[in-house]
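Quick notes on the structure that follows.
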Amino acid sequence: VGPLAGRQTWRPHARDDEDTLRAFEPEDKAFNPVKNPHAADKLLRYQMRTQKGLPAPGTTPSRGAAAAARATVVDALRDGIDHLVSLQTPDGHWAGDYGGPFFLLPGFVIMAYVTAVDLGAPTRSALLTYLRNHQQADGSWGLHLEGPGTMLGTALNYAAARLLGMAKDEPAAALSRSWLKAQGGAVSIPAWGKVWLSVLGAYDWEGVNPVPPELWLLPTWLPFHPANFWCHARMVALPMTALYGARFIGPLSPLVTSLRSELYPGTDYASIRWADHRLNICPLDLYSPHTPLFKLVSWVLGAYERVAVPFLRRAGMAAAQAYLDAEDLQSNYVCIGPVNKAFNMVCCFAFHGPDSALFRKHVARVRDYLYVCEDGMRVQGYGGSQLWDTSFAVQAVCEAGMGASVAPQLRRAHAFIDASQVRDDVPLTKEFHRDTARGGWTFSTADNAWPVADCTCEGMRASLALEAGGFAGEDGELAANRYFAAVNLVLAYQNADGGWPTYERERGGSWLESLNPAEVFGDIMIDYSYIELTSACIQGLAEFQGRFPGHRAAQISKAIDRGMAFIRRQQRPDGSWYGSWAVCFTYGAWFAVEAIRTAGNADDAALLDRTCAFLLSKQRDDGGWGETYLSCLKKEYCDAPSSNVQTAWALLALIGAQCPDRDAVARGVRFLLASQTKDGDFPQQQTVGIFNRSCGISYSNYRNIFPVWALGAYARRYDFQDATLVG
Ligand code: LAN
């Protein structure tokens with residue numbers, strides 16, 4: 001586990017580029033997006049298993065026992081654990097497909113185009129294959145892989161496909177243009193798309209809502225200073241202000257000139273009245289319509305733009321550039337996420353030049369975001385889900401106390417978690433509105449250096465569980481002060497309402513939501529408290545306290561109490577709990593139950609009863625549970641066509657709540673056993689991840705982690721003899 005712990009990069013075989021290209025031919029029948037838009041992460045899994053000398057996925061049963069021969073839950077659990085650990089990477093983490101959103105790949109492609117970074121023919125071909133595979137029957141692309149066509153998805157991915165080499169007269173391109181034409185052309189693309197197309201030169205900056213860099217000169221005590229926004233909103237706004245201030249436009253090649261007519265079929269580009277389209281958003285894309293306040297601000301900023309004082313603009317640009325450089329440095333050029341990674345790179349190119357050392361450092365981290373599955377190469381939603389998946393995998397394996405059979409793998413996982421803790425605050429923390437990072441764990445790797453409250457707690461819990469089981473890595477247990485640092489960070493992040501946010505303590509009021517400029521997402525302006533985060537922090541703090549009862553004991557107990565008060569307020573009248581970061585009510589219920597169980601307050605029994613009643617009301621005839629991402633959008637439980645990973649979350653919640661209906665629990669367990677493949681895997685089904693209310697995202701390891709966790713909980717709580725449940 002070296003200094004680049006967890007870094008994942010896919011590279012074409014230098015040996016034979018032609019072979020690689022062929023591997024991505026779209027006619028590869030292994031992947032059928034019509035039946036199921038999800039890839040099953042076959043390439044990584046193939047590599048991980050065969051490298052270890054294990055049979056390729058889906059071939060031979062790992063224990064010589066076909067599913068039918070698994071007599072007990074414990075048998076299924078063993079095979080599930082073996083399969084899960086067979087997917088571990090050599091440096092001890094779990095890698096997996098973290099794709100799903102459809103507005104990321106175009107950003108990378110446009111960035112590479114305007115900065116003349118050569119991604120190489122195999123990469124370009126693989127990216128194009130991905131786009132072809134996921135184009136919908138009507139020629140459009142959606143916001144994410146399960147969503148219907150949107151203007152953002154279609155206009156951006158059309159442009160990306162053309163930049164990657166899709167010919168203008170191909171039927172796929174023509175179909176896409178007719179879709180665009182039917183919607184009136186790309187003039188109604190949402191804000192982020194307007195910016196990307198302007199950078200490319202296929203939209204006019206005049207048609208972009210003003211985002212003046214002077215915003216960074218305002219005092220931060222002004223509530224609408226972007227320093228008070230949710231870090232993702234802030235870090236995306238940052239490069240936008242700089243690109244807007246510079247009115248950056250890439251080279252006007254013949255291809256870009258052609259896109260100027262292709263994206264607006266039937267309209268003469270030169271005659272478009274751009275300013276009229278600033279607030280023109282395609283209705284298919286709208287999740288958060290502009291509010292009157294937003295329109296007012298936009299009008300004021302538009303008026304300012306006409307008089308913009310040159311010296312203020314210069315000072316604003318300088319402030320934005322300094323901030324951009326700081327984010328690049330702090331995150332080791334990975335950046336907080338894929339959106340600002342691509343935007344920041346364009347800024348770095350524009351302000352420091354293609355030959356600068358800074359730009360080269362950026363180029364070196366592009367591949368961190370590119371991930372390959374059988375459906376082609378996508379730009380991932382993050383630089384990976386390394387720490388998150390690893391923490392969950394470890395806890396799932398440890399749940400039933402069956403870790404001894406995979407001790408070497410667990411030791412490697414511990415070493416990875418050890419190497420992934422952020423050891424210090426990032427440079428320039430104060431100057432650039434960062435919160436403490438010392439002692440935290442990120443969602444991906446230490447290099448990213450943006451700790452998340454729940455990732456910190458899950459990392460800590462996994463590490464504690466491994467140490468308790470005797471599975472510390474090569475360097476032994478983590479020193480106590482490393483746990484102290486983690487807990488200090490968690491305590492510092494708690495919100496005033498008692499709940500926990502994602503990356504930073506909430507800095508503004510929820511009224512800021514009325515300034516949400518990203519029409520396609522909801523609830524992105526401040527770092528709200530969430531059920532999942534709050535539960536993870538309560539559990540993390542409680543487990544820490546079990547191990548180190550003397551450290552900040554009073555503060556920890558108080559923090560847990562305040563967290564519990566927040567949790568109790570979140571239950572909805574029907575007994576359900578809304579989950580924000582995975583789909584949806586089953587996920588929320590699991591976290592809520594675990595928080596309540598951890599706090600161990602007898603008065604909460606009624607909350608648990610209502611939770612069980614809600615979950616049981618959603619159990620399907622096959623014994624499982626399945627929700628679609630629409631649950632998250634509509635905030636109402638939406639049944640999926642088939643049962644899914646949600647079965648494991650529902651079971652974990654029911655088992656945790658000691659649901660008296662043991663039959664229902666057993667039926668759920670039977671569903672998991674029946675869906676397990678002969679080699680211990682579980683089938684890839686619908687999207688189970690979500691963010692910002694509206695955008696689905698894949699967590700391909702969840703299909704292995706959570707069934708193992710749920711079966712482990714079943715075996716442990718209902719004791720092993722009882723767990724002899726014939727499949
Ligand atoms: C993530 C990924 C992980 C996720 C959990 C840890 C699961 C969650 O419990 C807390 C929130 C967090 C950290 C999270 C926040 C939003 C992210 C970063 C993402 C869903 C991954 C991608 C998404 C990011 C915002 C996507 C880029 C798009 C923008 C709107 C900027």
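Some points to look at:
- For chymotrypsin sites (Phe, Trp or Tyr not before Pro), the sites in the stretch 160-269 that DSSP calls loop and that have at most 10 other Cβ atoms within 10 Å are W221.
- Helical runs assigned H by DSSP (4 residues or longer) give the chain a calculated mean residue ellipticity at 222 nm of -15000 deg cm²/dmol, each run adding -39500 (n - 2.57) before division by the residue total.
- Residues listed by number, the stretch 91-130, amide nitrogen under 19 Å from T257 label point at 7 Å toward C-beta: 114
- Shape class of the stretch 567-671 from the Cα gyration tensor (axes a ≥ b ≥ c, square roots of the eigenvalues): oblate, since a/c reaches 1.5 or more and a/b does not exceed b/c.
- Residues K42, K618, ranked from the fewest to the most other C-beta atoms within 10 Å, line up as K618, K42.
- Three-way shape label, the stretch 500-654, alpha-carbon gyration tensor, a/c 1.5: oblate
- Stokes-Einstein diffusion coefficient of the stretch 250-363, Kirkwood radius over Cα pairs, 10 °C, 1.306 mPa s, in µm²/s: 90 µm²/s
- Dipole in debye (nearest 20) - the chain, about Cα centre, beta carbon charges: Lys, Arg +1; Asp, Glu -1: 480 debye
- Cleavage-rule hits (trypsin sites (Lys or Arg not before Pro)) in the stretch 99-171: DSSP loop, at most 15 neighbouring Cβ within 10 angstrom: K168
- Across the stretch 366-496, C-alpha contacts under 8 Å between residues 6 or more apart give a mean separation that, scaled by the residue count, equals a relative contact order of 27 percent.
- Charge tally in the Cβ shell below 14 Å around E305, where Lys, Arg are +1 and Asp, Glu are -1, E305 excluded: +1
- Counted by neighbouring Cβ atoms within 10 Å, the residues M402, M235 run from fewest to most as M402, M235.
- Sites listed here are GluC sites (Glu not before Pro) in the stretch 414-470 whose DSSP assignment is loop and whose Cβ has at most 14 other Cβ atoms within 10 Å: E431.
- A crude spin-label estimate for the pair A606 and R505, with each label 7 Å from Cα along the Cβ direction, gives 3.4 nm.
- Distance between the 7 Å Cα→Cβ label points at K168 and A357: 4.4 nm.
- Hull shadow area, averaged, the chain [alpha-carbon convex hull, nm²]: 29.8 nm²
- The angle between the Cα long axis of helix 121-134 and the main principal axis of the chain comes to about 80°, on a 0 to 90 degree scale.
- Over the chain, relative contact order from alpha-carbon pairs under 8 Å, at least 6 apart, %: 19 percent
- Taking Cβ atoms as reference points and 15 Å as the exclusive limit, the residues near L633 contribute a net charge of -4, counting Lys and Arg as +1 and Asp and Glu as -1.
- Each distinct pair of alpha carbons in the stretch 443-513 adds a 1/r term; the inverse of their mean, the Kirkwood radius, is 13.8 Å.
- Stretchable slack from L222 to L312, in nm (0.36 nm times residue separation minus alpha-carbon distance): 30.6 nm
- Label positions at W299 and D276, each projected 7 Å from the Cα along the C-beta direction, are separated by 1.9 nm.
- Were the residues from A364 through E206 laid out at 0.36 nm apart, the gain over their Cα-Cα distance would be 53.5 nm.
- The per residue volume of the convex hull around the alpha-carbon atoms of the stretch 174-246 is 103 Å³.
- Exceeding the 23 Å Cα-Cα cut-off - candidates K558/K635; K42/K618; K341/K361; K194/K341: K558/K635; K42/K618
- Residue order for H551, H362, fewest other beta carbons within 10 angstrom first, comes to H551, H362.
- Taken about its Cα centre, the stretch 303-401 carries a charge dipole of roughly 520 debye when the Cβ of each Lys and Arg holds +1 and the Cβ of each Asp and Glu holds -1.
- Selection among A648, W230, L143 by position relative to the dipole of the chain gives W230 as farthest towards the positive end (Cβ unit charges, Cα centre).
- Shape category assigned to the stretch 652-703 from the gyration tensor of Cα positions, a/c cut at 1.5: oblate
Each value in this text was obtained by applying a stated rule to the coordinates, not by laboratory testing. Fair warning: this is a prediction, and the values are worked out from it, not measured in the lab. Every residue, glycine among them, receives a Cβ derived from its backbone with ideal geometry; neighbour counts consider all protein chains shown.
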